[in-house]
Amino acid sequence: MTSEPEQQIGVGTPDAFQRLWTPHRMAYIQGENKPTGPGADDGCPFCSIPAKSDEDGLIVRRGELVYGVLNLYPYNGGHLMVVPYRHVADYTDLTDAETVELAALTKQAMTALRTASGAHGFNIGMNQGSVAGAGIAAHLHQHIVPRWGGDTNFMPVVGHTKVLPQLLADTRKMLAEAWPASSSPSGV
(Lines give C-alpha, C1' and ligand atoms only; values in the text may rest on other atoms or scores of the structure.)
Protein backbone atom coordinates (compact mmCIF):
# COMPACT_ATOMS: atom_id res chain seq x y z
CA MET A 1 0.00 0.00 0.00
CA THR A 2 1.44 3.36 -0.98
CA SER A 3 0.36 6.65 0.42
CA GLU A 4 0.44 10.12 -1.01
CA PRO A 5 3.51 12.16 -0.09
CA GLU A 6 2.84 14.37 2.89
CA GLN A 7 2.77 18.07 2.02
CA GLN A 8 5.57 19.75 3.92
CA ILE A 9 5.20 23.50 4.12
CA GLY A 10 8.35 25.55 3.58
CA VAL A 11 10.52 22.90 1.92
CA GLY A 12 10.10 23.99 -1.69
CA THR A 13 8.26 22.25 -4.48
CA PRO A 14 6.35 19.18 -3.26
CA ASP A 15 7.90 15.94 -4.44
CA ALA A 16 7.90 12.26 -3.51
CA PHE A 17 10.60 12.65 -0.85
CA GLN A 18 10.01 12.81 2.86
CA ARG A 19 12.45 14.93 4.83
CA LEU A 20 14.49 13.66 7.75
CA TRP A 21 15.68 16.76 9.54
CA THR A 22 19.06 16.49 11.24
CA PRO A 23 19.71 19.99 12.60
CA HIS A 24 22.49 18.77 14.89
CA ARG A 25 24.64 18.23 11.76
CA MET A 26 24.66 21.99 11.13
CA ALA A 27 27.29 22.40 13.87
CA TYR A 28 29.62 20.14 11.87
CA ILE A 29 28.80 21.77 8.54
CA GLN A 30 29.46 25.25 9.92
CA GLY A 31 32.68 24.14 11.58
CA GLU A 32 31.57 24.67 15.17
CA ASN A 33 34.40 23.96 17.63
CA LYS A 34 36.93 23.78 14.78
CA PRO A 35 40.35 25.18 15.65
CA THR A 36 41.05 28.73 14.53
CA GLY A 37 44.65 27.86 13.65
CA PRO A 38 47.23 25.06 13.70
CA GLY A 39 48.50 25.53 17.27
CA ALA A 40 47.38 23.69 20.39
CA ASP A 41 46.16 27.02 21.82
CA ASP A 42 44.03 27.77 18.75
CA GLY A 43 40.92 26.03 20.07
CA CYS A 44 41.89 22.44 19.31
CA PRO A 45 39.12 20.20 20.68
CA PHE A 46 41.48 17.21 20.90
CA CYS A 47 43.67 19.22 23.28
CA SER A 48 40.73 20.32 25.46
CA ILE A 49 38.84 16.99 25.65
CA PRO A 50 41.27 15.30 28.10
CA ALA A 51 40.62 18.05 30.70
CA LYS A 52 36.94 17.02 30.81
CA SER A 53 35.42 14.10 32.68
CA ASP A 54 35.17 10.90 30.66
CA GLU A 55 31.40 11.36 30.43
CA ASP A 56 31.52 15.01 29.33
CA GLY A 57 34.38 14.42 26.88
CA LEU A 58 32.95 11.11 25.59
CA ILE A 59 36.29 9.51 26.46
CA VAL A 60 36.13 5.73 26.40
CA ARG A 61 39.71 4.98 27.45
CA ARG A 62 42.69 7.00 28.70
CA GLY A 63 46.21 5.77 28.11
CA GLU A 64 49.51 7.36 29.09
CA LEU A 65 50.17 8.96 25.69
CA VAL A 66 46.90 8.58 23.75
CA TYR A 67 43.19 8.34 24.49
CA GLY A 68 40.10 6.84 22.86
CA VAL A 69 37.08 9.10 22.32
CA LEU A 70 33.76 8.84 20.51
CA ASN A 71 33.38 10.90 17.36
CA LEU A 72 30.80 13.69 17.85
CA TYR A 73 29.77 13.32 14.20
CA PRO A 74 29.94 9.54 13.71
CA TYR A 75 29.77 7.67 10.42
CA ASN A 76 28.33 4.68 12.30
CA GLY A 77 27.29 3.97 15.87
CA GLY A 78 30.40 3.35 17.99
CA HIS A 79 32.70 5.42 15.72
CA LEU A 80 35.79 5.98 17.87
CA MET A 81 38.99 7.93 17.44
CA VAL A 82 42.36 7.27 19.04
CA VAL A 83 44.14 10.57 19.67
CA PRO A 84 47.58 11.44 21.07
CA TYR A 85 47.49 13.87 23.99
CA ARG A 86 50.37 15.74 22.36
CA HIS A 87 49.30 18.24 19.69
CA VAL A 88 50.93 16.74 16.60
CA ALA A 89 49.65 16.81 13.03
CA ASP A 90 51.54 14.10 11.16
CA TYR A 91 51.85 10.38 11.81
CA THR A 92 55.60 10.58 11.18
CA ASP A 93 55.89 13.07 14.05
CA LEU A 94 54.72 10.54 16.65
CA THR A 95 57.32 9.13 19.00
CA ASP A 96 57.87 5.38 18.92
CA ALA A 97 56.07 5.09 22.28
CA GLU A 98 53.06 7.08 20.97
CA THR A 99 52.92 4.88 17.86
CA VAL A 100 52.94 1.71 19.97
CA GLU A 101 50.23 2.98 22.31
CA LEU A 102 48.09 4.24 19.40
CA ALA A 103 48.26 0.74 17.88
CA ALA A 104 47.49 -0.95 21.22
CA LEU A 105 44.45 1.27 21.86
CA THR A 106 43.22 0.63 18.31
CA LYS A 107 43.34 -3.13 18.92
CA GLN A 108 41.56 -2.73 22.25
CA ALA A 109 38.89 -0.54 20.63
CA MET A 110 38.22 -3.24 18.05
CA THR A 111 37.85 -5.84 20.80
CA ALA A 112 35.51 -3.57 22.80
CA LEU A 113 33.36 -2.84 19.75
CA ARG A 114 33.09 -6.54 18.89
CA THR A 115 32.18 -7.37 22.50
CA ALA A 116 29.67 -4.54 22.95
CA SER A 117 28.04 -4.43 19.53
CA GLY A 118 29.03 -7.49 17.55
CA ALA A 119 30.80 -5.46 14.84
CA HIS A 120 31.50 -7.61 11.77
CA GLY A 121 34.34 -5.46 10.42
CA PHE A 122 36.03 -2.08 10.66
CA ASN A 123 37.22 0.87 8.65
CA ILE A 124 40.40 2.10 10.32
CA GLY A 125 42.48 5.02 9.18
CA MET A 126 43.59 8.60 9.43
CA ASN A 127 43.36 11.50 7.04
CA GLN A 128 46.64 13.39 6.89
CA GLY A 129 46.03 17.05 5.99
CA SER A 130 42.88 18.93 5.09
CA VAL A 131 43.26 18.05 1.39
CA ALA A 132 43.05 14.38 2.42
CA GLY A 133 39.80 14.96 4.31
CA ALA A 134 41.01 15.66 7.84
CA GLY A 135 38.37 17.75 9.58
CA ILE A 136 40.92 18.78 12.21
CA ALA A 137 44.22 18.46 10.37
CA ALA A 138 46.38 20.05 13.06
CA HIS A 139 45.88 17.22 15.58
CA LEU A 140 46.39 13.63 14.46
CA HIS A 141 43.53 11.22 15.13
CA GLN A 142 42.87 7.69 13.94
CA HIS A 143 39.29 6.67 13.12
CA ILE A 144 37.88 3.27 14.08
CA VAL A 145 34.50 2.82 12.42
CA PRO A 146 32.62 -0.41 13.21
CA ARG A 147 30.75 -2.03 10.32
CA TRP A 148 28.00 -4.64 10.09
CA GLY A 149 26.71 -6.64 7.16
CA GLY A 150 23.95 -4.60 5.55
CA ASP A 151 24.74 -1.37 7.40
CA THR A 152 24.88 0.52 4.11
CA ASN A 153 21.19 0.77 3.41
CA PHE A 154 19.13 3.34 1.54
CA MET A 155 19.52 6.09 4.15
CA PRO A 156 23.21 6.90 3.54
CA VAL A 157 23.14 5.94 -0.12
CA VAL A 158 20.00 7.79 -1.18
CA GLY A 159 19.32 10.14 1.71
CA HIS A 160 22.94 10.99 2.59
CA THR A 161 21.87 10.47 6.21
CA LYS A 162 23.00 8.06 8.93
CA VAL A 163 20.52 6.84 11.49
CA LEU A 164 22.24 6.24 14.83
CA PRO A 165 20.24 4.07 17.21
CA GLN A 166 21.90 5.13 20.45
CA LEU A 167 22.87 8.34 22.25
CA LEU A 168 26.61 9.00 22.37
CA ALA A 169 26.65 8.98 26.19
CA ASP A 170 25.07 5.50 26.20
CA THR A 171 27.53 4.27 23.56
CA ARG A 172 30.47 5.67 25.58
CA LYS A 173 29.32 3.86 28.72
CA MET A 174 28.74 0.58 26.87
CA LEU A 175 32.19 0.64 25.23
CA ALA A 176 34.00 1.70 28.40
CA GLU A 177 32.46 -1.28 30.20
CA ALA A 178 33.44 -3.64 27.35
CA TRP A 179 37.03 -2.34 27.07
CA PRO A 180 39.49 -5.23 27.51
CA ALA A 181 42.12 -5.28 30.21
CA SER A 182 45.63 -4.67 28.95
CA SER A 183 47.81 -7.72 28.46
CA SER A 184 51.17 -5.95 28.18
CA PRO A 185 52.95 -2.97 29.74
CA SER A 186 52.88 -1.04 26.44
CA GLY A 187 49.28 -2.13 25.79
CA VAL A 188 47.97 0.68 28.01
Against the conditions (1) part of a loop (DSSP other than H, G, I, E, B); (2) modelled with pLDDT of 80 or more, where does A176 fall short? Just the number, please.
(1)
Check whether at least one residue in the range 106-128 is within 21 Å of P35 (Cβ to Cβ), surrounded by 14 or more Cβ atoms within 10 Å (Cβ to Cβ) and in contact with a Lys or Arg (Cβ under 9 Å, 6 or more places away or on another chain), and report yes or no.
no
Residue list for the range 55-69, restricted to those being more than 16 Å from the chain's Cα centre (by Cα), surrounded by 12 or more Cβ atoms within 10 Å (Cβ to Cβ) and in contact (Cβ under 8 Å) with a residue 40 or more places away in the chain:
G63
Residue hits (the range 74-109; under 12 Å from A176 (Cα atoms) and of a type in the set (A, V, I, L, M, F, W, C)) are L80, A109
Just give me the residues in the range 108-131 being without any contact (Cβ under 8 Å) to a residue 40 or more places away in the chain, closer than 19 Å to V66 by Cβ and part of a helix (DSSP H, G or I), in sequence order.
M110
If we scan the range 40-47, do we find a residue that is under 14 Å from M174 (Cα atoms) and part of a helix (DSSP H, G or I)?
no
Residue match in the range 158-170 (condition: open to solvent by less than 30 Å² (accessible area, probe 1.4 Å), polar (S, T, N, Q) and modelled with pLDDT under 85)
yes
Residues K34, K52: which one is basic (K, R), modelled with pLDDT of 65 or more and open to solvent by less than 100 Å² (accessible area, probe 1.4 Å)?
K52
Please name all residue pairs, on different chains or six or more residues apart, with Cβ atoms under 8 Å, provided the first residue is in the range 76-101 and is touching a residue at least 60 places away in the same chain (Cβ under 8 Å) and the second residue is β-branched (V, I, T) and in a loop (DSSP other than H, G, I, E, B).
E101/V188
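The values are calculated or read from the model by the stated rules, or taken from the named source; none is laboratory data. On a predicted model such as this, the values are computed, not experimentally measured, just so you know. Ideal geometry is used to build each Cβ from the backbone, glycine not excepted, and the neighbour counts take in all protein chains shown. The area values use the complete protein model at the heavy-atom level, side chains included, leaving out ligands, DNA and RNA. Shrake-Rupley method; radii C 1.70, N 1.55, O 1.52, S 1.80 Å.
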